[in-house]
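The values are calculated or read from the model by the stated rules, or taken from the named source; none is laboratory data. Here the structure is a predicted model, which means the values were calculated and not measured. A quick note on method: Cβ atoms are made from the backbone with ideal geometry, for glycine too, and the neighbour counts reach across all protein chains shown.
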Amino acid sequence: MNDILQRIGELGIVPVVKLDKASDALPLGKALLEGELPIAEVTFRTDAAEESIRIMSRELPELLVGAGTVLTRDQVKKAVDAGAKFIVTPGFNPSVVDYCVERNIPITPGINSPSQIEMALERGLDVVKFFPAEQSGGLPMLKAMSAPYGSVRFIPTGGVDAKNMPSYLAFNKILAVGGSWMVKPEVVAEGKFDEIARMTREAVFAMHGFELIHLGINCADEKEALAGADRLASLFGMPVKDGNSSAFVGKGFEFMKSMYLGEKGHVAVGCNDVARAAAFLKRKGIASLPETEKKKDGRTVALYLDLHIGGFIFHLLQK
C-alpha cells in the first residue's frame, strides 16, 4: 500500500465534497482542517472541481486533496495537474485505472462485485472503493463478498453516515469510509463553514470513540497493591480480580504490583482503533512509545503515549 493510501487509512474518513463555486474551496478546506480532518475528495461533478483542487492544494498544503467521480483520462490529467494526490472513480473503468497504474497515481476504483475486485488485483491494486455501499447491500454484502480476498481493503462510500460509520470501520477490511454528511452541498452553498467544522469534528471524535477505561495506580510491591485493592473494594463494594502483574477493583481501578510507567500510574483511554487514534494524536503533537505496543492478530491493541499529566502517563486501549 502506498503512502497516500496509508495516510487515508490513518485519517479514517474521506469527506466527499461537491463544489459549485471555486471561491468556496479555501474556506471549506480551512473548515476541514479546523475540524481535524485534513483531507478532501473533490468530485468532478461540477465545472468548479479543477480550480477548487488547485486552490486547496496551493493554499492548504497540509490538506490531502484528491479528485472523485473521475470518469476519463482527461479528468485524471486535469486533477493531477491541479494538485490532486489521489483519484477515485465511481466504477471500474479499465482505461482510467490502467492510466493511473502506469503512472503510479494512487487510484481507488469503484467496485461492487467479486469480478471487479479481481480486475483490481490483476492490476496490483489492494484498495478499492465499495460503491454505492448501502445500495449494494451494505456491510453484510461487503463481508460476504470480501471473504475470499484477504489482502484487499475497502473504502465504502454511498449511504455512509454518522450512524453506520462506526459499524463499517469496525470491520478489519475497511481502510476508511467516504461520506458527505459533514460537507453537505447545501451547507457549503450557504457558506456555513463553522457548521461544517463542527460537524467534521463530531465525525472525527465519533470515529475514535475515546472514553476512560481505567485508572492504574503504581505500587511498590504486591503487598501494597493488594492492600490498596482490598481497601477500595471494602469501601465501594467492588469485586477484586487478582492477576499476575496487577489487581483490578471492579473495571475502573488497577493496582500495579510494581512501579511501572508514569510517576504515579497510568490512565487507560479506550478507542475504536489504536493505530488510527495514535496517528490522530501524533498530528496533535502527542508521540507514542513504540516499545510499549501490544498486538493481537496483527492489530495494535495497546500503546502508551508520551503524555504525562499529574504524574500519570496515558495509554490507548482497544475497546
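The set of residues from region 262-319 being surrounded by 21 or more Cβ atoms within 10 Å (Cβ to Cβ), among the aliphatic types (A, V, I, L, M), touching a helix residue (DSSP H, G or I) at 6+ places or on another chain (Cβ under 7 Å) and closer than 21 Å to LEU175 by Cβ comprises ALA277, LEU303, LEU316. For region 101-112, the condition holds for at least one residue, the condition being that it is in contact (Cβ under 8 Å) with a residue 60 or more places away in the chain, in a strand (DSSP E or B), assigned by TED's automatic domain parsing to the domain that holds PHE193 and buried (at least 17 other Cβ atoms within 10 Å of the Cβ).
The test for being free of Cβ contacts under 8 Å to residues at least 24 places away in the same chain and either over 19 Å from CYS100 (Cα atoms) or in a helix (DSSP H, G or I) (or both) does not hold for PRO27.
What about ASP161, is it of a type in the set (D, E, K, R) and not in a loop (DSSP other than H, G, I, E, B)? So that I can check it myself, show each step before the final result.
Numbers: of a type in the set (D, E, K, R): yes; not in a loop (DSSP other than H, G, I, E, B): no.
No, not satisfied.
Residues in region 207-247 that are surrounded by 16 or more Cβ atoms within 10 Å (Cβ to Cβ) and in a helix (DSSP H, G or I): MET207, HIS208, GLU222, GLU224, ALA225, LEU226, GLY228, ALA229, LEU232, ALA233.
Residue by residue through region 113-133, note down the ones that are outside any loop (DSSP other than H, G, I, E, B) and buried (at least 18 other Cβ atoms within 10 Å of the Cβ).
Residues satisfying the conditions are ILE117, ALA120, VAL127, VAL128, LYS129, PHE130.
Contact map, region 193-212: residues that are without any contact (Cβ under 8 Å) to a residue 12 or more places away in the chain paired with residues that are in a helix (DSSP H, G or I), Cβ distance under 9 Å, separation 6+ or inter-chain. Pairs shown: GLU195/ALA31; GLU195/VAL187. In region 57-73, is there at least one residue being part of a loop (DSSP other than H, G, I, E, B), touching a residue at least 60 places away in the same chain (Cβ under 8 Å) and among the hydrophobic types (A, V, I, L, M, F, W, C)? No, region 57-73 contains no residue that is part of a loop (DSSP other than H, G, I, E, B), touching a residue at least 60 places away in the same chain (Cβ under 8 Å) and among the hydrophobic types (A, V, I, L, M, F, W, C). Only one entry of LEU32, LEU19 meets the criterion of being in a loop (DSSP other than H, G, I, E, B) and crowded, with 22+ Cβ neighbours inside 10 Å, and that entry is LEU19. In summary, GLY150 fulfils each of the numbered conditions (1) at pLDDT 95 or above; (2) more than 19 Å from the chain's Cα centre (by Cα) with the single exception of condition (1).
Free of Cβ contacts under 8 Å to residues at least 40 places away in the same chain, in a helix (DSSP H, G or I) and over 30 Å from LYS251 (Cβ atoms) - does that describe any residue in region 168-181? The answer is no; no qualifying residue exists.
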